[in-house]
Amino acid sequence: MKVCALFGGPHKKGNTAKLLEAFLDGLRGNGHLVQRIDLVELTIQPCKGCMACKKPTADGCIQKDDMHGVLDSVQEADLLIFASPMYWWNLAGPLKNAIDRFFSLPFNATAEKSVFSGKKLLLVMTSGQPSERDGREGLELIMQRMCSFTGMEWLGTITAGTNNKPISEQSDVLKAARLRGSSLA
Ligand SMILES: Cc1cc2nc3c(=O)[nH]c(=O)nc-3n(C[C@H](O)[C@H](O)[C@H](O)COP(=O)(O)O)c2cc1C
């Protein structure tokens, strides 16, 4: 499987990155081809909502920035991973910006051919609050709606709370994430 992980947090070696890496390690060990994209290093403008990408003669998004390369990787992937610290019960800004820019691709699984059809989607997230009461239900509902609209299969969330203990001290959580990666077909 080709795997594209979009990492939206500001800390490349922070809690979310470590949890993501444990999962990616498992996937790599299982023979999957993994690409991690650190969005914070790229120039990705917010979607302007100009609808130029939807004109019959359009050739993608008119904004000339790093999102074009990201969209190529997204289109090639069989498994998409969104990875983010929880910011105000939501995704961090760089990841939300990138997802908004998916708009320039054909995405509606019922009205047109969706480039997302058949892909799998999984969320990796850390929060301050412990994961059993991190309030991620709203975000998961959004992910599920996104999946059913675009034709993706929702695989769920890998989470950890970090206020009490940094992820580096939660070896059981990291082990479980690695195992989940290594057992994904
Ligand atoms: C701007 C901001 C907003 C946050 N919002 C939440 C939140 O809504 N719920 C929560 O449990 N933790 C929240 N946190 C805590 C982070 O999600 C948590 O510390 C996370 O593990 C940080 O991950 P990192 O080390 O990858 O940056 C917030 C932190 C920041 C900086």
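Just a few scattered comments:
- Any hit, the stretch 114-124, residues being near the ligand (Cβ under 9 Å from one of its atoms) and surrounded by fewer than 20 Cβ atoms within 10 Å (Cβ to Cβ): no
- Residues that are aliphatic (A, V, I, L, M), within 17 Å of C61 (Cβ to Cβ) and touching a strand residue (DSSP E or B) at 6+ places or on another chain (Cβ under 9 Å), drawn from the stretch 98-137: A98, I99
- Residue within the stretch 20-40 that is closer than 27 Å to S171 by Cα, assigned to a loop (DSSP other than H, G, I, E, B) and within 16 Å of the ligand (Cβ to nearest atom) present: no
- Here the stretch 47-94 is the region considered, the condition is being in contact with a Leu (Cβ under 6 Å, 6 or more places away or on another chain) and of a type in the set (A, V, I, L, M), and the residue that is farthest from the ligand (Cβ to nearest atom) is L80.
- Any hit, the stretch 102-125, residues being among the acidic types (D, E) and either under 21 Å from R36 (Cβ atoms) or in a helix (DSSP H, G or I) (or both): no
- Selection from the stretch 44-100 of residues that are closer than 30 Å to R136 by Cα, of a type in the set (K, R) and not in a helix (DSSP H, G or I): K48
- Extreme residue, nearest to the ligand (Cβ to nearest atom), among residues of the stretch 133-176 that are more than 29 Å from S114 (Cβ to Cβ) and touching a residue at least 60 places away in the same chain (Cβ under 8 Å): T162
- Qualifying residue in the stretch 54-61 (condition: over 25 Å from K165 (Cα atoms), of a type outside the set (A, V, I, L, M, F, W, C) and in contact with a Cys (Cβ under 8 Å, 6 or more places away or on another chain)): yes
- Criterion: under 30 Å from Q45 (Cβ atoms), in contact with a strand residue (DSSP E or B) (Cβ under 6 Å, 6 or more places away or on another chain) and of a type outside the set (S, T, Y) - qualifying residue of I142, I158: I158
- Enumeration of residues in the stretch 143-180 that are in a helix (DSSP H, G or I), within 15 Å of L122 (Cβ to Cβ) and of a type in the set (V, I, T): T150
Bear in mind these aren't lab numbers, they're just calculated from the coordinates by the rules spelled out. Note that the coordinates shown come from a computational prediction; the quantities given were computed from them, not determined experimentally. Because the Cβ atoms are built from the backbone with ideal geometry, glycine has one as well, and the counts that use them run over all protein chains shown.
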